[in-house]
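Trainee: Handing you a structure now.
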Amino acid sequence: MRITRSLLLLIFLSGAAIAQISTFQHIVVIVQENRSPDNLFQGLCAPPFGDSSSCSATPTGRQYNIQTSNWLDKTSSTGFTQPAPIPLVNTYDLGHGHIHAWNNECDKNSLGQCLMDGAALVSCAPASQCTKFRHPQFRYVDYKKPAHQLDPYLILATQYGWANYMFQTNQGPSFPAHQFLFGATSAPSAADDRAGIFAAENIGEANILNVGCIADAKERVQLIDQNGVEKPSNKIFPCFEHETVADLLDALSITWTYYTTHITGALAIWTAPVAISHICVASDGQCTGKDWTKGAANGFVDGNSKDVLTDISNCQLPRVSWVIPTGQNSDHPGGNNGGGPAWVASIVNAIGNSWTNSKHKCDYWGNNSNDSTAIFITWDDWGGWYDHEPPPILPFPEGGYQFGFRVPMIVVSAYTPQLVNNSTLDFGSIVRYIEQNFGIAEGALTFADRRIVTDFTSFFQLEHNPRPFRTIPATKDAKYFLDDKTVPTSPDDD
């Protein structure tokens, strides 16, 4: 048969039509711990990933919103401090609760705006390590040493979608942050959310294990009111009752898994479903609901986070996933072993190479089928580190506890071009995109998913042909994590 130009055009257009998609078949939300963009992503502003013109505290065009010098410091005689590098595996931890750390670092003016000059007042522990540095809060992760450790994050940020204005929805630590990521609120009920009343802190003084609905009967979590005030008397048992993203998915029989880390069998602050009464169904100190047994329900709370790699390999990735790391791979200051960037790369690589590496020839990337995946990589809170960008102020009553500080955000898919996005986003934006992608009414939960202005639609070009996947180089691969017999530690300890 003679191949004419018209026939070639028809073949090309037919191929393009097959390659285009209307929605993603899978969404994966990878959650890391406790970093700000100014702390973790200085490498975007230096070779080989960029230069001094790549970053700006007031970005234009495709510049990264990273400040590289003159960090505001009201305790300094000059009004600012020059940042200095520190390893990802550092030996101290900064406070990142609301009442002390967030309020101090924010330093609100009379209009309720954050001046962002109080990071020096954030607490630091242990003192023996903190006193080694004049300003332990004004440090950024060394992108040069060890060589290539941060490369996976920097490659992903420069090759796919980077969000300049991604804010944690809450103004505090891990427990409320994970509630917002899973259910678009940390309020105990829908009525509390409407009234602007939220869980604001972690649970208890130091106990982060066996929390939520299976916590000790004496356990309490601090609430914050619509005026942003935490009254010592305003504490409740940390078991809530409201709809979550999982309920929206269950209603449409859309499969989901919450991959998390159970420490010696315990359920802790980063396992968001444990604090939702109808999902946990607490009995004798255990969650006994249908979602705690694999195969018994539409959803599953998986206590072994590396099972996500096994499920991808076995072509059993659910439609929606939340992936929580172990402490070793969490980026949590003072507790990680530097494995976080490679851990994230192992999941992205498993999805990107699923056509060639999976046991049953699935194609989660989407080059050879329409079975494509959108990957959202974010950090649950700022961890007490300096960041220069003040958060927006939401209207009353939610504005008493929303928004929090910026956190890094990378979006990866076969339909995501190299881009720097300047939309204002938060954890509610992720929930809203999940709703939009699966045909659920946007804002269906009526929580943060309804309050946000934008979702992640602009990160995707679904009308284009998919990008070929290129493996992300990393110091450790999926086999390392699957074979690792190290006893997992807590992703966060405060």
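None of the figures in this text is laboratory data; all of them are computed from the coordinates on show. None of these values were measured; they are calculated from a predicted model. When we count neighbours, we look across all protein chains shown, and the Cβ atoms used for this are built from the backbone with ideal geometry, even at glycine.
Trainee: State to the nearest 20 debye the size of the charge dipole of the range 365-494 about its Cα centre, where the only charges are +1 on K and R beta carbons and -1 on D and E beta carbons.
Mentor: I would put it at about 460 debye.
Trainee: Here's something else I'd like to know. Using only Cα atoms, what Kirkwood radius does the range 352-435 have, in angstroms?
Mentor: 15.7
Trainee: Taking R0 as 25 Å, what's the FRET efficiency between A125 and S76 from their Cβ-Cβ distance, rounded to 0.05?
Mentor: Using R0 = 25 Å, I get an efficiency of 0.65.
Trainee: At a threshold of 8 angstrom on Cα-Cα distance, excluding pairs fewer than six apart, so keeping six or more, what relative contact order does the chain reach in percent?
Mentor: Once normalised by length, the contact order is 25 percent.
Trainee: How large is the helix-only mean residue ellipticity at 222 nm for the chain, computed as the sum of -39500 (n - 2.57) over DSSP H runs with n ≥ 4, divided by its residue count, in deg cm²/dmol to the nearest 500?
Mentor: -5500 deg cm²/dmol
Trainee: Going by a ≥ b ≥ c, the root eigenvalues of the Cα gyration tensor, does the range 231-331 fall in the rounded group (a/c under 1.5), the prolate group (a/b larger than b/c) or the oblate group?
Mentor: Values: a/c = 1.88, a/b = 1.33, b/c = 1.42.
Because a/c hits 1.5 or more and a/b fails to exceed b/c, the range 231-331 counts as oblate.
Trainee: Once all Cα-Cα distances of the range 268-426 are split into 5 Å bins that start at 0, what whole-number percent is in each one?
Mentor: With 5 Å bins starting at 0, P(r) equals 1, 7, 13, 16, 16, 17, 15, 9, 4, 1, 0.
Trainee: In whole percent, what relative contact order does the range 83-164 give with Cα contacts below 8 Å and a gap of six or more residues?
Mentor: 33
Trainee: Using all alpha carbons of the range 150-289, what is the percent of pairwise distances in each 5 Å bin, ordered from the shortest bin to the longest?
Mentor: Percent of Cα pairs in each bin: 2, 10, 17, 21, 18, 14, 9, 7, 3, 0.
Trainee: At 0.36 nm per residue, and after removing the present C-alpha to C-alpha distance, how many nm does the segment from S283 to N337 gain when stretched out fully?
Mentor: Value of the extension gain: 15.9 nm.
Trainee: Place the peptides 309-319, 462-472 in order of packing, highest mean first, counting for every residue the other Cβ atoms within 10 Å and averaging per peptide. Mind showing how you got there, number by number?
Mentor: Values: 309-319: 19.2, 462-472: 15.8.
The packing order, highest mean first, is 309-319, 462-472.
Trainee: Can you classify the range 211-255 as rounded, prolate or oblate using the Cα gyration tensor, where a ≥ b ≥ c are the square roots of its eigenvalues, rounded means a/c under 1.5, and otherwise it's prolate if a/b beats b/c and oblate if not?
Mentor: In terms of gyration-tensor shape, oblate.
Trainee: Which peptide among 171-181, 477-487, 405-415 comes first, and what is the full order, when sorted by highest mean count of other Cβ atoms within 10 Å?
Mentor: 171-181, 405-415, 477-487
Trainee: Would you mind telling me the antiparallel percentage of the DSSP bridges in the chain, rounded to 5? Could you put the intermediate results ahead of the total?
Mentor: Working: 22 of 53 bridges.
For the chain, the DSSP antiparallel bridge percentage is about 40.
Trainee: Something else about it: For the range 288-331, what does the equivalent ellipsoid look like in terms of its semi-axes, each the square root of 5 times an eigenvalue of the Cα gyration tensor, given largest first in whole Å?
Mentor: Details: eigenvalues 75, 40, 14 Å².
After scaling each eigenvalue by five and taking roots: 19, 14, 8 Å.
Trainee: Would you please put 93-100, 268-275 in order of how densely packed they are, using the mean number of other Cβ atoms within 10 angstrom per residue and starting with the highest?
Mentor: 268-275, 93-100
Trainee: Hey, what did the range 151-247 get for relative contact order, percent, Cα under 8 Å, at least 6 apart?
Mentor: Result for the range 151-247 is 25 percent.
Trainee: Kyte-Doolittle cut-off -1.0, length cut-off 20 Å along the helix's own axis using Cα: show which whole DSSP H helices in the chain pass.
Mentor: 5-19
Trainee: Gain in length, A147 to T23, computed as 0.36 nm per residue apart minus the alpha-carbon separation, to one decimal in nm?
Mentor: 40.8 nm
Trainee: Taking only the Cα atoms of the range 317-389, how large is their convex hull per residue, in Å³?
Mentor: 125
Trainee: Just need log10 I(q)/I(0) for the chain at q = 0.05, 0.11, 0.12 Å⁻¹, Debye formula, equal scatterers on the alpha-carbon atoms, no solvent, rounded to two decimals.
Mentor: Summing over Cα pairs of the chain leads to -0.17, -0.87, -1.05.
Trainee: Sticking with this structure for a sec: Need the full-extension length gain, Y480 to N304, defined as separation in residues times 0.36 nm minus the C-alpha distance. One decimal, nm.
Mentor: Going from the current span to full extension adds 61.9 nm.
Trainee: Can you compute the modelled spin-label distance between K218 and A251, with each label point 7 Å from Cα toward Cβ, in nm?
Mentor: 4.1
Trainee: Same structure, new question: If all Cα-Cα distances of the range 119-229 are sorted into 10 Å bins from 0 onward, what percent lands in each bin, rounded to whole numbers?
Mentor: Using 10 Å bins, I get a P(r) of 11, 27, 31, 25, 6, 0 for the range 119-229.
Trainee: While we're here: Label R450 and N227 with points 7 Å out from Cα along Cα→Cβ: what is the distance between them in nm?
Mentor: 2.6
Trainee: Under 1.5 on a/c is rounded, so check that first for the range 13-161, then, if it is not, pick prolate when a/b is larger than b/c and oblate when it is not; a ≥ b ≥ c are the square roots of the alpha carbon gyration tensor eigenvalues.
Mentor: Taking the square roots of the gyration eigenvalues as a ≥ b ≥ c, the range 13-161 is prolate.
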